[in-house]
1. Modelled label-to-label distance, A:Arg319 and B:Thr134, 7 Å Cα→beta-carbon offset: nm?
2. Sticking with the crude label model, points 7 Å out along Cα→Cβ, report the distance from A:Arg12 to A:Ala283 in nm, one decimal please.
3. Label the stretch A:125-206 by shape, choosing from rounded, prolate and oblate, from the square roots a ≥ b ≥ c of the eigenvalues of the Cα gyration tensor; if a/c is under 1.5 it is rounded, and otherwise prolate applies when a/b is larger than b/c, oblate when it is not.
4. Can you tell me the dipole magnitude for chain B around its Cα centre, using point charges on the Cβ only (Lys, Arg +1; Asp, Glu -1), in Debye to the nearest 20?
5. Could you give, in nm with one decimal, how far B:Ala273 is from each other copy of that position, shortest first, with labels 7 Å out from Cα toward Cβ?
6. Which value, in Å to one decimal place, does the Kirkwood hydrodynamic radius take for the stretch B:40-118 when every pair of different Cα atoms is included?
7. Aspartates and glutamates within cross-link reach of A:Lys93: Cα-Cα under 15 Å, excluding same-chain residues under 8 positions apart?
8. As a footprinting exposure proxy, order B:Arg289, A:Arg198 by other Cβ within 10 Å, with the fewest listed first.
Number of protein chains: 2
Amino acid sequence: MLTELSLIQRIRATALTSPRVPLGIGDDCAILRPPANHDIVLTTDFSLEDRHFRRDTHSPQSAGHRTLARGLSDLAAMGATPLAAFLSLALPKDLLRTRPGRLWFDRFLEGFNALAAQYKLPLAGGDTAQSPSTHILADIVLTGTVPRGRALRRDAARPGDHIYVTGALGGAAAQLQTLFARPTNRGTTGPQLFPQPRLAVGQAILRRRLATACMDLSDGLSTDLTHLCQSSNLTAAIEESLLPIHPLAQSTPNPLDLALNGGEDYELLFTAAPTTRIPKTIAGVPIHRIGTLHPASGKRAPLTNTSTLTLLPPTGPARPLPQGGWQHLT
Amino acid sequence: MLTELSLIQRIRATALTSPRVPLGIGDDCAILRPPANHDIVLTTDFSLEDRHFRRDTHSPQSAGHRTLARGLSDLAAMGATPLAAFLSLALPKDLLRTRPGRLWFDRFLEGFNALAAQYKLPLAGGDTAQSPSTHILADIVLTGTVPRGRALRRDAARPGDHIYVTGALGGAAAQLQTLFARPTNRGTTGPQLFPQPRLAVGQAILRRRLATACMDLSDGLSTDLTHLCQSSNLTAAIEESLLPIHPLAQSTPNPLDLALNGGEDYELLFTAAPTTRIPKTIAGVPIHRIGTLHPASGKRAPLTNTSTLTLLPPTGPARPLPQGGWQHLT
């Protein structure tokens, strides 16, 4: 039987520490000491069983990795340096009271800690409880630091800016299709199971002042770019031929759909002035221009009187691109 | 039907703003700008239906109030000034798709916002999802600020220190007993339904340098004081006749048990050097001395070779006081 205290002790025993966290797990609050003249950025993300992962398709290591990766990707989108993580976990009875359950938990922590170690990220707190249902419930809080006033935001893009993405799109959704078709929780690699948050890219974009706006691709390009456009009061045109489609998506019947609407790629979407020279790779990650931003009214992208986004196919007419991404509550 | 976006819009429409939160709901992260030479304190607490509240005993306003009060009480325990809150909510289908469900959610927000308004607390972010079960799942993150290095902690108490509590004990558990005996979710007052976090007291204790250690009473005095003793490597003796027992607990068959083990009072437990003069009230809240701290070995409190805590009854022999408080996972 894992009690709340022994659960916390197991978590605490494996957590990294940091001089920027003078007090971590074990008090009413953790204490964080950011560097002078820096802002704190903070994000929180649920990882709920059967909503964000499944025990029959995701290994416990993958569930742990993804729980942390979701939050780190939000820090990457702000150009932030990770400061501390907080993990809240509610585990169902079977996980607390059986040996396979405790193994599941240990491997979840293993996946979580392996990614945390990559970024020397201390786990500074959280909460534990027994789940009221049979579902594993996790919520992750990530904090980071950015030089004061310099965080990358999604509301500062301008008309005429070029639109870029890191890496390739559709891979996470393509791997999920495969996992749903033949459920196995033994996968140890791939963009769905072990997405790599683009922290070094985000930090380089901030440091080199390359972007006007930036966000991460968690819900799918069509949904996320719509949000960026709405935040900046703009519209966008995407050139289909410029989309970097992930090899796993290429080999499916619907590569374009997965690249546009697939979600969970955790790549960065950013915009830059047309005069800014954007390198072909940043921090070793390929960067592709995929389109252009336009005003929301007046001189607009083709068709955008009916849609925030327009897709320009290699041949044939432009067409409106509706939001087709992941909507957690539908 | 409440979609994720409309849920966020409803939350956003009612949230307060603050100059210390230059960017709130709507980006990948919120941005917090603490005052210079201050530490950030951070706490996170689940509020899960059927673990931390029940729909048949707690009104939605109470559930919203308690969700926030839990976190604010942790800030109070550090002596912190609230900076920003983050609310993650996973709602089951019935709440999203029916009119009574939407009303429940609106009233939950009402209870949450009423308490937030008391402290001019901005809601700066969070997450939303559909609950994978029939349970309402909430997780609250609270951030606060304290002058650098000055946060009240639970690991700095010393042998000989006096032990104090704010307010009265056992009221929340007594009211819960009543609610369990005759379930009704129409209660609009009381220490179980609407606990008042002791922020002004915590801040005054910090400002006036009164305490050597401080924590909040969430799990019950016997459990929480044990944790304080363990953090500071001490033992404690409680004088039964000094315990301030809440009137609601006085009228039950088991007032002492509720005061010692009841939990959820969200009062402050603090320790002070015997030479420090502690006023009878702080920020209008009565303060009572309830006992004394002793070394963990060597000169010890009576009986503490078998127990961290000793209870001294008005007459008769001292007896060991085991942890009898709330254990979320048992």
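1. Inter-label distance under the simple model: 4.3 nm.
2. In this crude label model, A:Arg12 to A:Ala283 measures out at 3.2 nm.
3. Verdict is oblate for the stretch A:125-206.
4. The calculated dipole for chain B is roughly 740 debye.
5. For B:Ala273, the other copies' label points sit at 5.9 nm, shortest first.
6. This gives a value of 13.3 Å.
7. Straight-line reach from A:Lys93, under 15 Å: A:Glu4, A:Glu49, B:Asp50.
8. By the 10 Å Cβ count, ascending: B:Arg289, A:Arg198.
Where a number appears in this text, it was derived from the coordinates with a stated rule and is not lab data. These numbers come from a predicted model, not from an experiment. Every residue, glycine as well, gets a Cβ built from its backbone with ideal geometry; the counts of neighbours run over all protein chains shown.
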